[in-house]
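The values are calculated or read from the model by the stated rules, or taken from the named source; none is laboratory data. Keep in mind that what you see is a predicted model, and the values were worked out from it rather than measured. Please note: Cβ atoms are built from the backbone with ideal geometry, for glycine as well, and neighbour counts cover all protein chains shown. Note: areas computed on protein heavy atoms with side chains; ligands, DNA, RNA excluded. Shrake-Rupley method; radii C 1.70, N 1.55, O 1.52, S 1.80 Å.
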Amino acid sequence: MRDRVRLGVTAAVLVLTGCEATPTPHNLATQDYSVGTHVVLLGTGTPNAEPDRSGTALAVLVEGKAYLVDAGPGVVRQAAAALQRGLAPLRIPDLDIVFLTHLHSDHTVGLPDLIFTPWVLGREQALRLYGPPGTARLAHALVDAYADDIRIRTSGLEPGNATGFRVEPVEIDSGIVYRDQRVTVTAFRVRHASWPRALGYRFASATRTIVISGDAAPSPSVVTACDGCDVLVHEVYSATSFARRAPQWQRYHASAHTSSVELAALAREARPRVLVLYHQLLWGTSPESLVAEVQAGWSGTVAYGQDLDVF
């Protein structure tokens with residue numbers, strides 16, 4: 001099992017196995033991220049404007065290539081923070097592919113940043129953008145909205161190239177949606193309230209399999225996609241705190257998200273080597289208590305994901 005790494009020169013982090021907390025010091029200088037398969041939590045946040053958590057975004061690193069999932073607020077600056085701490089695959093001009101789980105704003109408002117900032121910093125290739133129906137409309141509208149910026153950067157004094165701001169959107173459904181020499185990416189449908197199509201993703205490389213739920217109520221498709229996977233990154237809310245929510249919010253969260261109790265049941269079937277919690281809705285519960293809620297129903301390894309953690 002690959003322990004969680006909290007980015008920094010040396011750090012101790014909390015990985016819970018059973019009911020014991022184990023500190024795992026790690027020095028990033030000993031890691032070579034040009035090989036193997038890793039997942040980086042660029043942002044673990046929710047729609048809440050939490051100053052200590054960036055918007056939902058992840059990066060799966062496979063043999064030195066970064067594949068992004070979602071583009072929440074701050075996605076490019078979080079990639080820059082990871083790069084500064086030793087994750088070379090997150091070099092900003094190299095960010096050229098992203099998979100959207102769904103089109104909620106907290107998963108997409110960083111998309112203009114991802115389209116334009118890497119271009120301004122030297123990206124020459126178009127951004128490849130995969131997502132559910134509506135993705136192409138969103139991409140075209142954003143490029144159109146920044147037409148004046150594009151015109152000035154390409155025809156004024158700035159030496160902007162004429163290609164790196166372009167977006168190549170691909171609207172997808174379930175099944176294999178992308179494959180190259182490093183990785184095969186499979187999308188699968190999940191349940192997320194009123195969205196007609198919300199997706200999770202399975203990244204399978206020669207060395208590891210990583211599954212990402214996206215925003216999802218308990219979905220059998222996650223179990224099928226994981227099936228003993230190395231890392232399952234799954235959203236969660238506190239079942240204990242849920243009881244204090246207003247009835248209208250209870251109805252919404254029950255149809256859109258996964259409680260700690262439900263996640264434990266899902267993990268028993270999916271059998272991941274490591275279960276990583278992200279997009280955590282605490283509502284006053286502590287991270288330790290949330291993990292304990294999951295561990296009450298599942299005895300495997302659970303990590304409470306924080307921004308810039310690496311697994």
(request) Hey, can you tell me all the residues within the stretch 247-281 that are open to solvent by 50 Å² or more (accessible area, probe 1.4 Å) and assigned to a loop (DSSP other than H, G, I, E, B)? (result) ARG271, ARG273
(request) Take THR224 and decide whether it is under 16 Å from GLY131 (Cβ atoms), open to solvent by 30 Å² or more (accessible area, probe 1.4 Å) and in contact with a Phe, Trp or Tyr (Cβ under 8 Å, 6 or more places away or on another chain). (result) no
(request) Residue by residue through the stretch 207-220, note down the ones that are farther than 19 Å from TYR130 by Cα, outside any strand (DSSP E or B) and touching a strand residue (DSSP E or B) at 6+ places or on another chain (Cβ under 8 Å). (result) THR207, ARG208, PRO218, SER219
(request) Collect the residues in the stretch 203-221 that are surrounded by 24 or more Cβ atoms within 10 Å (Cβ to Cβ) and not aliphatic (A, V, I, L, M), keeping them in residue-number order. (result) PHE203, SER213, GLY214, ASP215
(request) Report whether or not TYR237 is within 30 Å of GLY175 (Cβ to Cβ) and not aliphatic (A, V, I, L, M). (result) yes
(request) Provide a single number: the residues in the stretch 199-215 that are closer than 20 Å to HIS257 by Cβ and hydroxyl-bearing (Ser, Thr, Tyr). (result) 2
(request) Filter the stretch 282-311 for residues that are open to solvent by less than 20 Å² (accessible area, probe 1.4 Å), outside any loop (DSSP other than H, G, I, E, B) and not hydrophobic (A, V, I, L, M, F, W, C) and give the result. (result) THR301, ASP309
(message) Within the stretch 106-145, take every residue that is hydroxyl-bearing (Ser, Thr, Tyr) and within 17 Å of ARG77 (Cβ to Cβ) and give me the one that is most open to solvent (accessible area, probe 1.4 Å).
(response) THR117
(request) Could you look through the stretch 185-202, keep only residues that are assigned to a strand (DSSP E or B) and open to solvent by 30 Å² or more (accessible area, probe 1.4 Å), and pick out the one that is farthest from LEU100 (Cα to Cα)? (result) ARG191
(request) Only residues in the stretch 186-213 that are without any contact (Cβ under 8 Å) to a residue 40 or more places away in the chain count as the first member; pair them with residues that are of a type in the set (A, V, I, L, M) and open to solvent by 70 Å² or more (accessible area, probe 1.4 Å), Cβ under 8 angstrom, at least 6 apart or cross-chain, and list the lot. (result) THR186/ILE176
(message) Which numbered condition in (1) in contact with a Gly (Cβ under 7 Å, 6 or more places away or on another chain); (2) open to solvent by less than 20 Å² (accessible area, probe 1.4 Å) is the only one that LEU103 fails?
(response) (2)
(message) Please count how many residues of the stretch 72-100 are over 30 Å from ALA256 (Cβ atoms), part of a helix (DSSP H, G or I), open to solvent by 30 Å² or more (accessible area, probe 1.4 Å) and free of Cβ contacts under 8 Å to residues at least 40 places away in the same chain.
(response) 4
(message) Regarding the stretch 246-255, can at least one residue be identified that is modelled with pLDDT of 95 or more and under 22 Å from SER194 (Cα atoms)?
(response) no
(request) Please verify whether the stretch 227-241 includes one or more residues that are at pLDDT 95 or above, part of a helix (DSSP H, G or I) and open to solvent by 50 Å² or more (accessible area, probe 1.4 Å). (result) no
